Amino acid sequence: MMRVPNVIQSILWQRSLMLALPLCLFLSGTNLSAARGAQKDHPADSQKGAQVESSQFGLLNDGSKVDAYTIHNAHGAKAKIISYGATLTELWIPDKSGKLDDVVLGYTDLKGYESNNRTWFGATVGRVANRIGGGIITVDGKEYSLEKNDGGNTLHSGSVGLSHVVWSAQPVHEHGVSGVRFSYTSKDGEGGFPGTLKVEVTYWLTDANELKLDYSARTDKTTPVNLTNHSYFNLDGCANVLDYRVTLYASHYTPVDANLIPTGEIVPVTQSPLDFTQARVIGERISELTLTHGYDHNFVADNSSSKLKHIAHVVAPKNGRTMDVWTTEPAVQLYTGNFLDGTITGKRGVVYGKNSALCLETQHFPDAVHHANFPSILLHPGEHFRSETIYKFSFQ
């Protein structure tokens, strides 16, 4: 979910067809042997075919080194994550024939991630993902002012959030599955938030072609925590995702005002463009969403437990690739790349136009700090924040 200030009124979604490649060549595919041959990373650790390789990704403007870690599973799938923002930059998933496709948007080099910091391509977002109305929070009776980077509000914790820092990283192996654990300590007052927050996110790539994300956090002062991943998914390499069929196991959503801040209501999706309780094509009613310029909504999971549950199913009809999302979080933000406008050139020289990908950001509710009826996002000293999300890829 991304928003830029002073956006012009909604335009017809068909314009997106002219902003990117006309055929389904949006993301470059390759066969399995070619993908392995092109890999230039250096082995760091391995176990039973699954392995993690590391390399230097680049240097930030201040000279800080950023490393890349590539996780391979036993069947050729691979995920590349960089230490800047604990960001997923590539996710290569085989199709029915074994050909690998990179199914996430991203930049060719580090400069793209550092200079285009309002796209959040693949980034770990926090301390508080999504929007905080007014850029102010009150914790234990004390008011804290945050950076207002979205009009008068705070979006994704501002320019010094977890997406824009360098994390420590360590390859890990458990039960035959390889991953990388990223760690970062956010100091008391960083981004305006109270408390020293120790955060970990571990990326796992299973042999079932599941990308699993485990989040963990502890604090020494009460502070809000709402972590997510902001990957943009394009499953078939086409210019947009408007023909994708989406099912959300969520029969309610949280309406927003003109600034995209929740009103505090929790409303049924019935008979609205937001009703994905049965499979619906994204482009079917997207033009009706003039306030948000497309889908940019928080959907409330029907299963309110904190246990892992199925929250989304996506089908790309042109190649039959599917993505299923499970999470322990109470909600998911569906965002359809509404503000990608053809001005960003990504990996392999592809221009990203409107609706060229979708995000499914598992999360607590936006602006929860200001709504007592929303699940609390406050983490207290002595408590251990844990969250899990799985993106599973297959095909019909």
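The values are calculated or read from the model by the stated rules, or taken from the named source; none is laboratory data. Being a predicted model, the structure only gives us computed values, none of them experimental. Reconstructed Cβ throughout: ideal geometry from the backbone, glycine too, with neighbour counts over all protein chains shown.
So if I check each of PRO224, PRO194, PRO171, which one is at pLDDT 95 or above and in contact with a helix residue (DSSP H, G or I) (Cβ under 8 Å, 6 or more places away or on another chain)? Let's see the steps before the verdict.
Values: PRO194 fails: in contact with a helix residue (DSSP H, G or I) (Cβ under 8 Å, 6 or more places away or on another chain); PRO171 fails: in contact with a helix residue (DSSP H, G or I) (Cβ under 8 Å, 6 or more places away or on another chain).
Just a single option satisfies the conditions, and that option is PRO224.
Can you pull out the residues in region 153-169 that are over 16 Å from the mean Cα position of the chain (by Cα), farther than 17 Å from GLY135 by Cβ and not in a loop (DSSP other than H, G, I, E, B)?
VAL166, SER168, ALA169
State all residues of region 170-185 that are under 20 Å from the mean Cα position of the chain (by Cα) and more than 16 Å from PHE57 (Cα to Cα); if no residue qualifies, say none. Write out each step before concluding.
Step one: of region 170-185, the residues under 20 Å from the mean Cα position of the chain (by Cα) are 179-184.
Across region 170-185, the qualifying residues are GLY179, ARG181, SER183, TYR184.
Give me a count of the residues in region 87-102 that are part of a loop (DSSP other than H, G, I, E, B) and out of contact with any Asp or Glu (no Cβ under 7 Å at 6 or more places or on another chain).
Within region 87-102, the subset part of a loop (DSSP other than H, G, I, E, B) is 95-99.
Of the ones still in play, those that are also out of contact with any Asp or Glu (no Cβ under 7 Å at 6 or more places or on another chain) are 96-99.
So the count comes out to 4.
Quick check on region 162-177: of everything there that is over 21 Å from HIS384 (Cβ atoms) and in contact with a Gly (Cβ under 9 Å, 6 or more places away or on another chain), which residue is surrounded by the fewest Cβ atoms within 10 Å (Cβ to Cβ)?
Ranking the candidates gives GLY176 first.
Residue check: is ASP207 of a type in the set (D, E, K, R) and in contact (Cβ under 8 Å) with a residue 24 or more places away in the chain?
Numbers: of a type in the set (D, E, K, R): yes; in contact (Cβ under 8 Å) with a residue 24 or more places away in the chain: yes.
The answer is yes for ASP207.
Kindly provide the set of residues from region 316-336 that are outside any strand (DSSP E or B), charged (D, E, K, R) and either over 14 Å from the mean Cα position of the chain (by Cα) or at positive phi (or both), ordered by number.
So the first thing to find is which residues in region 316-336 are outside any strand (DSSP E or B), and the list is 316-320, 328-330, 336.
Among the residues that remain, those that are also charged (D, E, K, R) are: 318, 329.
Scanning region 316-336 gives a single hit, LYS318.
Run GLY122 past the list (1) assigned to a strand (DSSP E or B); (2) within 18 Å of ASP214 (Cα to Cα) and report the number of the one that doesn't hold.
(1)
Taking ILE344 as the residue in question, decide whether it is surrounded by 16 or more Cβ atoms within 10 Å (Cβ to Cβ), over 30 Å from ASN373 (Cα atoms) and at pLDDT 95 or above.
Values: surrounded by 16 or more Cβ atoms within 10 Å (Cβ to Cβ): yes; over 30 Å from ASN373 (Cα atoms): yes; at pLDDT 95 or above: yes.
So ILE344 fits the description; yes.
Listed here are the residues, each with its yes/no results for (1) among the hydrophobic types (A, V, I, L, M, F, W, C); (2) buried (at least 24 other Cβ atoms within 10 Å of the Cβ).
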| residue | (1), (2) |
| --- | --- |
| GLU53 | no, no |
| PHE57 | yes, no |
| ALA68 | yes, no |
| HIS75 | no, no |
| TYR84 | no, yes |
| PRO94 | no, no |
| TYR107 | no, no |
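Just to be sure before I move on: is SER178 over 18 Å from GLY85 (Cα atoms) and in contact (Cβ under 8 Å) with a residue 60 or more places away in the chain in the structure I sent? Lay out the reasoning, then the answer.
Details: over 18 Å from GLY85 (Cα atoms): yes; in contact (Cβ under 8 Å) with a residue 60 or more places away in the chain: yes.
When the stated conditions are applied, SER178 passes them.
Every residue, every condition in (1) over 21 Å from PHE393 (Cα atoms); (2) of a type in the set (Phe, Trp, Tyr), yes or no:
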| position | (1), (2) |
| --- | --- |
| GLY152 | yes, no |
| SER163 | yes, no |
| GLU190 | yes, no |
| THR202 | no, no |
| TYR215 | no, yes |
| LYS221 | yes, no |
| LEU227 | yes, no |
| PHE233 | no, yes |
